[in-house]
């Protein structure tokens, strides 16, 4: 589980609200249901108009990755692929048929099934790369949806402020209400800018990060499977997979 998304959002919102309180602002002054309706409804409506229903459904299905993305032990994956290389060289590829993998991944299991079935290695790579591309595009779509929403939210805030100011200008005969009315009008801008920069855009970037991590992991799995299929030694398999690690991760692996 990765708590940083929720922790980051909470920290950002808390910092903004805390600063407002220190300035003497009452929380009730920041509550404006009409402004919230404009921001939420307008942003969701405009964003929905930019994407198809299947794309939006995909986003809903992937939201859990923001907090429930399973951790991956890269070192365990490298060790397992090296062990699989040993078994394959000693007993043949078929001996890997029921091999347990250190990662709960349908992608890895499909790839292992392909090499056990003796499918041409080029075809295996092609099919797995297509699978990788499809998954990556799905995550990029999630990122695009939230990035689009993050672009619309501040604009909706301005629209809300304009609507509020129209109401203010229509009641100039009551000067005692001008201050509170103008302040309430600008709440919409606050909602729009805050929601975009504290929630929507960070989530968009998080999906982009997840997409990169998932793609790198899948490329690593593909290389490991093809190395085993080619009959590479356990040492060669290990070296190939370690090339995906950063210098810091390699140093930690050697220290272990």
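All of the numbers you see were taken from the coordinates with simple rules; none came from a lab. Keep in mind the model is a prediction, meaning the values are calculated, not measured. Cβ placement follows ideal geometry from the backbone for every residue including glycine, while neighbour counts extend to all protein chains displayed.
Side notes on the structure shown:
- Along principal axes, Cα extents of segment 85-188, largest first, whole Å: 91, 24, 14
- For segment 62-145, radius of gyration divided by Kirkwood radius, i.e. Rg to Rh on alpha-carbons: 1.04
- Per-pair calculated FRET efficiency, R0 = 30 Å: residue 28 and residue 197 via Cβ, rounded to 0.05: 0.80
- The P(r) of segment 87-126 has a tail past 12 Å containing 59 percent of all C-alpha pairs.
- Shape annotation for segment 31-97: C-alpha extents along the principal axes are 70, 27, 14 Å, from largest to smallest.
- Intensity falloff of segment 1-131 expressed as log10 I(q)/I(0), Debye formula with alpha-carbon point scatterers, at q = 0.16 Å⁻¹: -1.02
- Available extension along the chain between residue 117 and residue 230 is 39.3 nm, counting 0.36 nm per residue and deducting the alpha carbon span.
- Distance histogram for segment 195-254 (every C-alpha pair counted, 10 angstrom bins, percent rounded to whole numbers): 20, 33, 25, 15, 6, 1
- Cβ-based exposure ranking for 91, 131, in which fewest neighbours within 10 Å come first: 91, 131
- Stokes-Einstein D for the chain, Kirkwood Rh over Cα pairs, 25 °C, 0.890 mPa s (µm²/s): 112
- Relative to the longest principal axis of the Cα atoms of the chain, the long axis of helix 106-116 makes an angle of roughly 20 degrees.
- For segment 144-199, the spread of Cα positions along each principal axis, largest first, Å: 46, 16, 7
- Segment 1-64 and segment 198-256: distance between their alpha carbon centers, rounded to Å: 33
- Remark: 145, 219, 116 ranked as 219, 116, 145, counting other beta-carbon atoms within 10 Å and listing the fewest first.
- Here the label points at residue 20 and residue 52, each 7 Å from Cα along the C-beta direction, are separated by 4.0 nm in the simple model.
- Normalising the average separation of contacting C-alpha pairs (under 8 angstrom, six or more residues apart) by the number of residues puts the relative contact order of segment 1-139 at 24 percent.
- Note on residue 63 and residue 75: the model spin-label points, each 7 Å out from Cα along the C-beta direction, lie 3.7 nm apart.
- Computed over segment 118-256, the ratio Rg/Rh where both radii use C-alpha atoms and Rh is Kirkwood: 1.36
- With both labels modelled 7 Å from their Cα along Cα-to-Cβ, the residue 166 to residue 94 distance reads 7.6 nm.
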